[in-house]
Amino acid sequence: MSNTNQQVRLAARPTGTPGPEVWEHTTEPVGEPGEGRVVVKVSHLSLDPAMRGWMNAGKSYVPPVEVGAVMRALGLGEVVASNSPDLAVGDVVTGLLGVQTHAEVDARGLQKVQPSDAVPPERYLAVLGMPGATAYFGLLEVGELAEGDTVVVSGAAGAVGSIVGQLAKIKGAGKVIGIAGGPEKCAWLTEELGFDAAIDYRNSDVAARLRELTPDGIDVYFDNVGGEILDAALARLATHARVVLCGAISQYNATEGIHAPANYLSLLTTRSKMEGFVFPDYAHRAGEAAQALSGWLAQGRITAREDVVDGPVTDFGEVLLKLFRGENTGKLVLRLP
């Protein structure tokens with residue numbers, strides 16, 4: 001076991017897009033695990049839009065990362081020292097490991113997984129992890145998807161949105177429309193993932209395209225981006241539509257205030273509902289989602305893609321920016337040496 005743990009800590013709360021000044025790189029010895037705890041050598045780190053919110057002070061669904069603390073992150077790695085009867089050296093686990101090369105953590109917060117040639121390790125941070133479960137419960141529980149529904153997904157080429165669209169098709173949606181940035185992403189949605197249509201928000205009028213593609217309105221809108229695209233979708237709601245607020249990546253780095261929904265009165269006139277949703281509310285049912293999704297993966301009914309970047313842990317800050325520049329397709333993962 002290595003004696004050195006390299007860490008990325010939050011040095012300051014960012015204003016706008018988090019730059020290099022937000023991060024501090026530190027090194028400390030790797031200690032022995034306390035009672036009921038293990039040391040995990042981290043091999044993969046999950047990079048998620050939610051991380052931007054975790055850097056901010058103030059009330060949220062989880063406490064903020066404190067200045068000076070190791071940056072919070074889901075990860076995957078191998079147990080290299082154990083003081084727990086539940087996990088042995090050599091076990092591969094996922095959980096909140098933090099942006100570091102070695103994590104000394106409570107074994108009870110980890111999930112044992114079994115990567116294979118058919119299921120690469122990064123998949124447990126993607127469709128078989130939090131993003132997949134977020135799509136599953138967000139669409140089926142909060143969105144209350146019904147057969148024949150017209151479903152629109154923003155951020156559709158991302159880790160969550162790409163699974164939402166495919167789940168909607170599996171569950172009998174009448175039409176599934178994805179909103180993504182760039183012709184390559186839109187082609188991926190329609191040609192590989194089975195979306196009925198895709199709207200390129202960078203090169204087309206989203207509001208006009210939604211009018212063309214949803215003549216009878218939107219029954220379920222799964223929102224990952226917020227801002228003007230949310231406004232455009234609200235203007236097209238069908239009666240008793242459901243709007244799932246899963247993310248608002250277009251607003252996370254705003255410095256001049258959040259773009260509030262201008263078309264919120266559509267919720268009143270269509271008697272629709274808009275509900276915020278975060279995965280921790282359903283974490284106790286994560287196994288249910290993983291079992292269903294793994295079955296559809298094995299049957300070839302779901303296509304998964306991970307955007308894996310190889311680099312040292314110190315590359316975390318720069319790789320994270322790929323999310324906010326819209327440079328990733330599928331789940332963004334940093335794979336450590």
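The values are calculated or read from the model by the stated rules, or taken from the named source; none is laboratory data. The structure displayed is predicted, hence computed values, not measured ones. All Cβ positions, glycine included, derive from the backbone under ideal geometry; neighbour counts span all protein chains shown.
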* Asked: Would the stretch 23-32 turn up any residue that is closer than 26 Å to Gly326 by Cβ, surrounded by 14 or more Cβ atoms within 10 Å (Cβ to Cβ) and in the same structural domain as Val313 (by TED's automatic domain parsing)?
  -> yes
* Asked: Under 8 Å by Cβ, and 6 or more places apart or on different chains, what pairs join a residue from the stretch 85-99 that is assigned by TED's automatic domain parsing to the domain that holds Ser43 and of a type in the set (Ser, Thr, Tyr) with one that is part of a loop (DSSP other than H, G, I, E, B) and surrounded by 12 or more Cβ atoms within 10 Å (Cβ to Cβ)?
  -> Thr94/Leu110; Thr94/Gly129
* For the stretch 72-88, how many residues are out of contact with any Pro (no Cβ under 8 Å at 6 or more places or on another chain) and closer than 20 Å to Val99 by Cβ? -> 8
* To do: Determine which member of the set Gly217, Gly174 is over 26 Å from Pro280 (Cβ atoms) and in contact with a Lys or Arg (Cβ under 8 Å, 6 or more places away or on another chain).
  => Gly217
* Which listed residue is farther than 18 Å from Gly311 by Cα, outside the structural domain of Ile258 (by TED's automatic domain parsing), modelled with pLDDT of 95 or more and not hydroxyl-bearing (Ser, Thr, Tyr), from Ala50, Ala11 -> Ala11
* **Of the criteria (1) closer than 18 Å to Ala292 by Cβ; (2) assigned by TED's automatic domain parsing to the domain that holds Leu47, which one Pro120 fails** => (1)
* Asked: Do we find that Leu76 is within 20 Å of Leu334 (Cα to Cα), under 22 Å from the mean Cα position of the chain (by Cα) and assigned to a loop (DSSP other than H, G, I, E, B) in this structure?
  -> no
* Asked: Residues of the stretch 219-228 being surrounded by 18 or more Cβ atoms within 10 Å (Cβ to Cβ) and out of contact with any helix residue (DSSP H, G or I) (no Cβ under 6 Å at 6 or more places or on another chain), which ones?
  -> Asp219, Val220, Val225, Gly226, Gly227
* Structure fact -> The strands (runs of 3 or more DSSP E) lying entirely within the stretch 141-222 that contain at least 1 residues which are farther than 23 Å from Lys273 by Cα are 175-180, 197-200
* Ala238 versus (1) touching a strand residue (DSSP E or B) at 6+ places or on another chain (Cβ under 7 Å); (2) in the same structural domain as Glu24 (by TED's automatic domain parsing): which is the lone unmet condition? -> (2)
* Asked: Which of the residues belonging to the stretch 33-44 are out of contact with any helix residue (DSSP H, G or I) (no Cβ under 7 Å at 6 or more places or on another chain) and either buried (at least 19 other Cβ atoms within 10 Å of the Cβ) or closer than 11 Å to Leu97 by Cα (or both)?
  -> Pro33, Val39, Val40, Lys41, Val42
* Structure fact -> When every residue in the stretch 1-55 that is of a type in the set (Gly, Ala, Ser) and part of a strand (DSSP E or B) is compared, the one farthest from Ala73 (Cα to Cα) is Ser43
* Might you check whether a residue that is under 30 Å from Gln251 (Cβ atoms) and outside the structural domain of Ser250 (by TED's automatic domain parsing) occurs anywhere in the stretch 33-40? => no
* Assess whether Lys41 counts as being without any contact (Cβ under 8 Å) to a residue 40 or more places away in the chain and among the basic types (Lys, Arg). => no
* Across the stretch 223-241, what is the total count of residues that are within 16 Å of Thr150 (Cα to Cα), under 24 Å from the mean Cα position of the chain (by Cα) and in a loop (DSSP other than H, G, I, E, B)? -> 0
* Structure fact -> Those residues of the stretch 88-133 that are assigned to a loop (DSSP other than H, G, I, E, B), surrounded by fewer than 20 Cβ atoms within 10 Å (Cβ to Cβ) and among the hydrophobic types (A, V, I, L, M, F, W, C) come to a total of 4
